[in-house]
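Following: one structure in structure tokens, then a few remarks.
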Amino acid sequence: MLSYLESARIDANYRYFYGDLFRLMLNAGRAVSEVVEEEFGKGQRICVVCGSGNNGGDGIVAASELIKSNSVSVIALRGRESLSTDMLKRAVETYNGPIEGPEMLDQCIANCTIVIDAILGVGAHGTPREPYASAIRKINTSGKAVVSIDVPSGLGSEIAVRPHITVTFTDVKEGMTGENSGKIVVRDIGIPRDAVYRAGPGDMLFYPYPEPGSHKGMNGTLSVFGGWSYYGSAVIAARAALAAGCDLVKVYTTRENAPLIASHSFEYMVSSIGDSVPEEAFRSRCILLGPGLGRDFDRRIVSQIIMRAQRIVLDADPLRLLPHLGDLSGKEVVVTPHASEFRDMSGMDPVPENAMEFAKSHGVVVVLKGEEDIITDGNSLYRCTGGNPRMTMGGTGDMLAGLISALMSKGMPALRASLLGTFINKSAADMCMERKGLWYSVSDMIGAVPEVFLRYSDGAKINSFRAH
Ligand SMILES: NC(=O)C1=CN([C@@H]2O[C@H](COP(=O)(O)OP(=O)(O)OC[C@H]3O[C@@H](n4cnc5c(N)ncnc54)[C@H](O)[C@@H]3O)[C@@H](O)[C@H]2O)[C@@H](O)CC1
Ligand SMILES: Nc1ncnc2c1ncn2[C@@H]1O[C@H](COP(=O)(O)OP(=O)(O)O)[C@@H](O)[C@H]1O
Ligand SMILES: [K+]
């Protein structure tokens with residue numbers, strides 16, 4: 001079962017890794033024409049009703065196949081000129097019949113035996129607006145056989161097509177049932193595994209945009225326990241968390257290091273801890289434990305933090321404690337070991353299958369860092385490629401922990417935050433490399449984080465629109 005957002009994620013990742021989505025549109029359109037001919041036979045009179053997104057493009061490609069053995073009319077509900085994106089222009093080029101405007105809709109429906117609904121797909125949000133709403137009502141009262149492409153247009157809202165058949169791609173979409181979608185036929189359109197199981201710009205779609213009316217603290221609160229031995233690591237993690245959009249970051253550190261850490265920025269707060277952890281630290285939505293803690297930490301305090309936290313990212317030295325902590329289920333936990341830390345904490349070789357096994361048996365998300373990051377929740381295995389060898393400098397792991405915990409502090413689930421965090425970290429490094437070659441610093445990487453978000457947030461407008 002695919003949610004609309006997961007579907008759009010795959011779409012965005014496919015475009016980023018493979019470039020041309022049009023090949024998939026060709027496969028989608030062909031799949032629809034095959035199903036229509038399998039179900040109804042040839043020689044039909046078919047009316048294809050198109051919106052002006054890619055769902056409409058699928059409809060036009062289907063028409064270009066169906067016209068070979070059927071009588072086909074195509075309606076562009078917003079007029080032919082609305083088919084203006086590059087993909088839609090290419091779809092139109094495949095079709096050598098006329099494309100009519102909305103004024104021909106009534107006649108087209110009246111004369112046909114089958115209506116193909118290519119109005120809205122997974123890019124839709126909310127109730128269909130005009131002219132789609134009226135078209136949907138007409139299709140539903142037409143008494144004709146109706147085939148929806150990918151999803152019934154308007155699915156989930158009060159104005160939705162009620163088809164006899166839905167030809168859906170890759171997997172059934174969230175919310176589809178036999179009742180609202182008719183017979184559901186799933187067709188593979190050749191999406192490679194990597195578009196699904198590789199972190200990419202599509203993961204931006206799950207970034208929680210601040211609501212316009214929100215107030216301080218609603219968009220991320222993070223407690224960072226770190227810098228007890230190496231103060232710089234806490235500075236890097238806290239600054240990265242702020243760059244990722246966390247509202248309030250507070251660093252809990254030793255009495256000696258507190259002023260040092262504070263002197264590096266006035267944007268986060270710093271507090272020193274003694275023998276016990278202040279209660280307020282657990283009021284943050286997420287906890288990051290580890291950057292710069294050093295090996296000689298107080299095990300009692302660290303165990304207490306882990307047991308009390310509900311959402312926590314564990315990095316570096318405290319990872320050693322993990323096997324001794326018992327059941328972590330019920331919490332959202334991300335662990336971010338590099339290869340040798342993984343060996344130490346698990347007693348296993350740092351390979352993807354073992355990361356998956358560890359994640360499953362401990363109920364955590366594992367981010368196994370390296371030239372290629374492995375991200376797994378024990379059920380699915382993802383990877384994040386990219387980055388460059390300058391990332392072996394000190395601090396890039398602290399930065400990653402800061403990014404992932406900031407995203408969790410904003411409400412992202414552990415696995416989603418880990419996918420986006422790894423992608424942002426490697427992309428920041430690659431952006432710095434474009435500008436400075438291999439001679440960039442971790443500060444440069446933190447500085448690049450907002451630009452990385454901007455560069456890849458194109459698809460995320462869907463989410464921000466939804467949020468508003
Ligand atoms: N997932 C994939 O990899 C592929 C997806 N394809 C098709 O592309 C579809 C998604 O395409 P798009 O993302 O272009 O989106 P859609 O074609 O679903 O529609 C989005 C368009 O409708 C408008 N819109 C959104 N909500 C609306 C509302 N409530 N009332 C009126 N207009 C509204 C938007 O402004 C946008 O122009 C899929 O459902 C599928 O049919 C295929 O072309 C090929 C591959
Ligand atoms: N050779 C490499 N090529 C590309 N990225 C790397 C390489 N080595 C490490 N990284 C990246 O640097 C970050 C920190 O990883 P690592 O150096 O293994 O952890 P740590 O900083 O905890 O020692 C991760 O985002 C990882 O993806
Ligand atoms: K549709």
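Observations
- Condition met for SER33 (open to solvent by 20 Å² or more (accessible area, probe 1.4 Å) and of a type in the set (Ser, Thr, Tyr)): no
- Of all residues in the stretch 58-68, none are open to solvent by 20 Å² or more (accessible area, probe 1.4 Å) and touching a residue at least 40 places away in the same chain (Cβ under 8 Å).
- Flag: ASP150 does not match the condition of being open to solvent by 50 Å² or more (accessible area, probe 1.4 Å), in contact (Cβ under 8 Å) with a residue 40 or more places away in the chain, under 29 Å from GLY19 (Cα atoms) and more than 16 Å from ligand 2 (Cβ to nearest atom).
- Selection status of ASP20, out of contact with any helix residue (DSSP H, G or I) (no Cβ under 6 Å at 6 or more places or on another chain) and open to solvent by 70 Å² or more (accessible area, probe 1.4 Å): no
- Hey, ILE424 within 16 Å of the chain's Cα centre (by Cα), closer than 25 Å to TYR231 by Cβ and not acidic (Asp, Glu) or not: yes
- Scan of the stretch 132-178 for residues that are farther than 21 Å from ASN27 by Cβ and either part of a strand (DSSP E or B) or among the β-branched types (Val, Ile, Thr) (or both), ordered by number: ILE136, ILE139, THR141, ALA145, VAL146, ILE159, VAL161, THR177
- Of all residue pairs spaced 6 or more apart or on separate chains, those with beta-carbon atoms under 6 Å, a first member in the stretch 202-228 that is in the same structural domain as VAL302 (by TED's automatic domain parsing) and more than 30 Å from GLY274 (Cβ to Cβ) and a second member that is of a type in the set (D, E, K, R) and assigned to a loop (DSSP other than H, G, I, E, B) are PRO208/LYS410; ASN219/ASP247; ASN219/LYS410.
- Helices (runs of 4 or more DSSP H) lying entirely in the stretch 354-465 (those with 3 or more residues that are without any contact (Cβ under 8 Å) to a residue 24 or more places away in the chain and either within 16 Å of ligand 3 (Cβ to nearest atom) or open to solvent by 40 Å² or more (accessible area, probe 1.4 Å) (or both)): 414-436, 442-456
Rundown of residues vs (1) part of a helix (DSSP H, G or I); (2) within 9 Å of ligand 1 (Cβ to nearest atom); (3) closer than 27 Å to ALA133 by Cα, yes/no style:
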{"site": "LEU5", "(1), (2), (3)": "yes, no, yes"}
{"site": "ILE10", "(1), (2), (3)": "yes, yes, no"}
{"site": "TYR14", "(1), (2), (3)": "yes, yes, no"}
{"site": "PHE17", "(1), (2), (3)": "yes, no, no"}
{"site": "MET25", "(1), (2), (3)": "yes, yes, yes"}
{"site": "ALA28", "(1), (2), (3)": "yes, yes, yes"}
{"site": "VAL35", "(1), (2), (3)": "yes, no, yes"}
{"site": "LYS42", "(1), (2), (3)": "no, no, no"}
{"site": "VAL49", "(1), (2), (3)": "no, no, yes"}
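- Tally, over the stretch 36-57, of residues that are small (Gly, Ala, Ser) and surrounded by 24 or more Cβ atoms within 10 Å (Cβ to Cβ): 3
- Any hit, the stretch 27-47, residues being assigned by TED's automatic domain parsing to the domain that holds ALA135, away from ligand 2 (no atom under 16 Å from the Cβ), within 12 Å of ILE119 (Cβ to Cβ) and within 33 Å of the chain's Cα centre (by Cα): no
- ASN111 vs. criteria away from ligand 2 (no atom under 16 Å from the Cβ) and more than 32 Å from the chain's Cα centre (by Cα): yes
- For the stretch 258-273, the set of residues classified as farther than 14 Å from SER233 by Cβ and open to solvent by 70 Å² or more (accessible area, probe 1.4 Å) consists of PRO259, SER263, PHE266, GLU267, MET269, listed by residue number.
- Within the stretch 170-226, the set of residues being more than 25 Å from LYS410 (Cα to Cα) and of a type in the set (D, E, K, R) comprises ASP171, LYS173, GLU179, LYS183, ARG187, ASP188, ARG193, ASP194.
The values are calculated or read from the model by the stated rules, or taken from the named source; none is laboratory data. All values derive from a computational prediction rather than experimental measurement. Virtual Cβ from ideal backbone geometry, glycine too; neighbours counted across all protein chains shown. Only protein heavy atoms, including side chains, enter the accessible area calculation; ligands, DNA and RNA are left aside. Shrake-Rupley method; radii C 1.70, N 1.55, O 1.52, S 1.80 Å.
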